[in-house]
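The values are calculated or read from the model by the stated rules, or taken from the named source; none is laboratory data. Treat the numbers as computed from the prediction; the structure is a model and nothing was measured. Note: ideal-geometry Cβ built from the backbone for every residue, glycine included; neighbour counts use all protein chains shown. Areas reflect the complete protein model, heavy atoms only, side chains present, ligands, DNA and RNA absent. Shrake-Rupley method; radii C 1.70, N 1.55, O 1.52, S 1.80 Å.
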Amino acid sequence: MKNVAALALLLALATPVAAAKKSPALRVLDQRNGFRTAKLGSDIRSFRYLTPERSDASTQTTYYINTRENLRMGAYKVTGISYGFYKDKLCSIEVRVMGDVNCRGIHDLLVSDYGPSQRLPQVKSEQWEGQQVTLRYTEVPQGFATVTVTSNALTEQRLAERKAPGSYPSA
């Protein structure tokens, strides 16, 4: 019986939910739930000054840019910010960064806000995963980074709908 209880405890500690509860930094990620004033899950009608940028048929996501966007994060310059909508709900935000100083500075901001990351197998990719939000920093090649903030719930919904019989074919 003790072994069963110990195994259950180990499994609980291995889940992302348990990790998010343990880490105050990941709770902050979930509380922010987006980028600046843009909150994941928000309806597209709550945004102003959006211009269509591109569509991704494989994920049924349409990306927009805000024509009045502030292209700075702290002291660092970003080259672009895209807002991805799935079924008219904000499901992801992409922040693109160019230049070693800007990439290093943005990365340092993320680490100071959210703590140590989970390294991913890609060349230079790190991830912070909360219960509601996943944040990924990818720098490939060096000096060109993308920070992606995604809604876990909308990502799961999109994947479930793609797997359903008669769903939209993947590209």
(message) Just to verify a result, which residue in the stretch 48-76, among those that are over 19 Å from the mean Cα position of the chain (by Cα) and surrounded by 13 or more Cβ atoms within 10 Å (Cβ to Cβ), is farthest from residue 163 (Cα to Cα)?
(response) 76
(request) Filter the stretch 89-141 down to residues that are open to solvent by 60 Å² or more (accessible area, probe 1.4 Å), out of contact with any Gly (no Cβ under 7 Å at 6 or more places or on another chain) and closer than 19 Å to residue 154 by Cα, then give me how many there are. (result) 4
(message) Only one of 14, 18, 25 is open to solvent by 40 Å² or more (accessible area, probe 1.4 Å) and either at pLDDT below 95 or touching a His at 6+ places or on another chain (Cβ under 6 Å) (or both). Can you tell me which?
(response) 14
(message) For the stretch 77-88, which positions are farther than 12 Å from residue 158 by Cα and surrounded by fewer than 18 Cβ atoms within 10 Å (Cβ to Cβ)?
(response) 77, 79, 80, 88
